[in-house]
Every structure is written in C-alpha cells, then in structure tokens.
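The values are calculated or read from the model by the stated rules, or taken from the named source; none is laboratory data. Predicted model, so just to flag it, every value in this text is computed and none were measured. Positions of Cβ are backbone-derived with ideal geometry, glycine not excepted, and every protein chain shown enters the neighbour counts. Remember, those area values only see protein heavy atoms, side chains included, never the ligands or the DNA or RNA. Shrake-Rupley method; radii C 1.70, N 1.55, O 1.52, S 1.80 Å.
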Amino acid sequence: MQRGTDMMNQDYILTLTAEDRVGLVAAVTGFLADHDGFILDSQQYADLEQNRFFMRVAFKGAGPKFPTDLAILTSSFTPIADHYGLVWTLVSAAEKPNIIIAVSKGSHCLNDLLHRWKTAALPVNIAAVISNHDNLRDLTEWHDVPFHHLPVSDENRCEQEQAIVNLMTEVQADYLILARYMQILSDNLSHQLAGRCINIHHSFLPGFKGARPYHRAHQRGVKLIGATAHFVSADLDEGPIIEQAVERVDHRASVEELIRIGRDIESQVLAKAVKWAGEHRILMNGNRTVVFR
C-alpha cells in the first residue's frame, strides 16, 4: 500500500477513448476536481467522421481527498468509465513500460535507442534485445542489456516467433520494437501483438519495397527521403502510422549520402515513436492513430 504522501508526489496519466457524447470532458475533469486531482496537462480530440472521442490527462494529487492508493483511484473512476463506455488506462507516470528491441545487422536504430535509454531520455525500460544474428551482442551487453540470439529460417520460424512471445511474457514486455529487424512477422504474431509492435520503415516518394531501397531511390533521382514509424499489422508496412519525417535531397547526393541521411531519419523517427509510447501518448483509431504530443 502506498502512503498518501507517495501518491501526492507522483504524476498520473489517464487515457481514454469512447463514442463521442456530451458531458465526457466534464465527467473526467469533475471527477478529478472532486478527488483533489490537479490537472498538469490535458489534450483531447473528437473524430467527427467516426464519432469517437480521445483524451489524455496528466494530473497529480493536490489535497486531502486524493486517494491514498492507485487501486482506490482506479476503482473510484470505474463507475464513470462504465457509464460512458470508456476504453481507458490509468497509470503512474513513474511506471515505465517494458520493451524488447528486435534487430538484425543494422546498428543505427538500436544504438540510438540504447543511448537515449542510458541517458534517461526514453521513458521506457529496455528489458532485452533479440536478434536473428549475433553481430550486435557486444553493443547490447556493453549497455548491460540481455541479448538473445534467435536465428530464424523457413524451417524454424514458428518456433523462433514462439520464443519471442515467451520472452515477452517472461519480462512482461509491453512493446516489441523492430529496430531494422529484417524479418517479416507472421500474420499470427502480427495479430497477437496488434497495437504492441512498432516498426521503422524507410519510406520514400515513391516507395521502394524490398532490397537495396537507397540504391533504387538514387537510380530514380528522388528529391525526398524519409522514414515512417508504424504499428505492425498483417499487411506489410501498412499498419497505423505513428510518426513520419522527410529530408530534401538533390542530384548531388550519392548512394552513401542517402544511406547516411536515411539512417539518421530512421533513428530519430523511431525514437519519437518509442518515447510517445512510453508516455502513453498514442491511442488507436482504427487504421490510424491519435498522437497527443
């Protein structure tokens, strides 16, 4: 049981989505006011096309009526959630989600995430790194993160993916982050991890799928290169988009220059997506996302 002073010194995050209707905001803010909750940040969005409402509220205790335990606070809010049909979460901002990072041979995204995590710039706990190659073991273990080598082939794909699921269960991972993991997840695993698996994809205009995308982009003389962080779905590279970024290039850029710029963008975009996931800023909206930055 947490002491009341502990509860008062912590921040909390409430996220919710529901069918849009009059009174939702008043119900949430009224509840917090009635329980001496002090709102630090509040963002909301009404999708008029889908008639869905989304909200994220960060708050803390500010008086004697604030509950002494998170379970009590959760139980007190439940009748309001039931009345409005909310899909909701209420967590302590101090509790960082556990993530597992999956990689192949490319180190740029993994190195960036490990550095940000080590310097407390990412509000997550990196519980493990898995890879179908052994190349990045030294980098991972240098950061004191467990490394799991899980080779994969057509013959053992089901067993290898089950090992990933087992590890996620063991470390209670909230998310699987594909940091240039060069394997296509099965439909079964994609469905299991719906809304919990984030991928970084090199997106160009036009899009180049498959091998050597930077070489093909150079051959076509692209003027914009970029990256997309998205949730994984059974449709390859077509899951709900979380974040995107592009940078303008011209005819002078070599293949090597495109690769360097592309890797920088990939790292930055993926880091933003992981950070927002850690801060409970991403809400699913069908095939899209609502991101409260």
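For residues in the range 124-153 being free of Cβ contacts under 8 Å to residues at least 12 places away in the same chain, within 23 Å of residue 97 (Cα to Cα) and of a type outside the set (A, V, I, L, M, F, W, C), which is least open to solvent (accessible area, probe 1.4 Å)? Among those that are free of Cβ contacts under 8 Å to residues at least 12 places away in the same chain, within 23 Å of residue 97 (Cα to Cα) and of a type outside the set (A, V, I, L, M, F, W, C), it is 141.
Are any residues in the range 44-57 under 22 Å from residue 73 (Cα atoms) and surrounded by fewer than 15 Cβ atoms within 10 Å (Cβ to Cβ), and if so, which ones? Break it down into steps so the answer makes sense when it comes.
Restricting attention to the range 44-57, the residues satisfying the condition of being under 22 Å from residue 73 (Cα atoms) are 44, 54-57.
Those that are under 22 Å from residue 73 (Cα atoms) and surrounded by fewer than 15 Cβ atoms within 10 Å (Cβ to Cβ): none in the range 44-57.
Having 2 or more residues that are at pLDDT 95 or above and not hydrophobic (A, V, I, L, M, F, W, C) is the bar; report the strands (runs of 3 or more DSSP E) wholly within the range 1-117 that clear it.
Values: elements: 11-19, 37-47, 52-61, 87-92, 98-103.
It comes to 11-19, 37-47, 52-61, 87-92.
Say whether the condition of being out of contact with any Phe, Trp or Tyr (no Cβ under 8 Å at 6 or more places or on another chain), part of a loop (DSSP other than H, G, I, E, B), open to solvent by less than 40 Å² (accessible area, probe 1.4 Å) and closer than 19 Å to residue 97 by Cβ is met by at least one residue in the range 222-229. No, because not a single residue in the range 222-229 is out of contact with any Phe, Trp or Tyr (no Cβ under 8 Å at 6 or more places or on another chain), part of a loop (DSSP other than H, G, I, E, B), open to solvent by less than 40 Å² (accessible area, probe 1.4 Å) and closer than 19 Å to residue 97 by Cβ.
Please work out if residue 69 is over 27 Å from residue 289 (Cα atoms), open to solvent by less than 50 Å² (accessible area, probe 1.4 Å), touching a residue at least 12 places away in the same chain (Cβ under 8 Å) and not hydrophobic (A, V, I, L, M, F, W, C). The answer is yes for residue 69. Among the criteria (1) open to solvent by less than 30 Å² (accessible area, probe 1.4 Å); (2) touching a strand residue (DSSP E or B) at 6+ places or on another chain (Cβ under 7 Å), the one residue 8 does not fulfil is (1). Restricting attention to the range 260-277 and to residues that are surrounded by fewer than 20 Cβ atoms within 10 Å (Cβ to Cβ) and under 14 Å from the mean Cα position of the chain (by Cα), the residue that is farthest from residue 125 (Cα to Cα) turns out to be 268.
Scanning the range 184-206 for residues that are open to solvent by 50 Å² or more (accessible area, probe 1.4 Å) and either in contact with a His (Cβ under 7 Å, 6 or more places away or on another chain) or farther than 15 Å from residue 247 by Cα (or both) turns up 184, 187, 188, 191, 192, 194, 196.
Yes/no per residue for (1) aromatic (Phe, Trp, Tyr); (2) in contact with a helix residue (DSSP H, G or I) (Cβ under 6 Å, 6 or more places away or on another chain):
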position	(1), (2)
196	no, no
222	no, no
229	no, yes
264	no, no
273	no, no
276	yes, no
279	no, no
283	no, no
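Among the residues of the range 28-41, count how many are in contact (Cβ under 8 Å) with a residue 40 or more places away in the chain and closer than 15 Å to residue 15 by Cβ.
2
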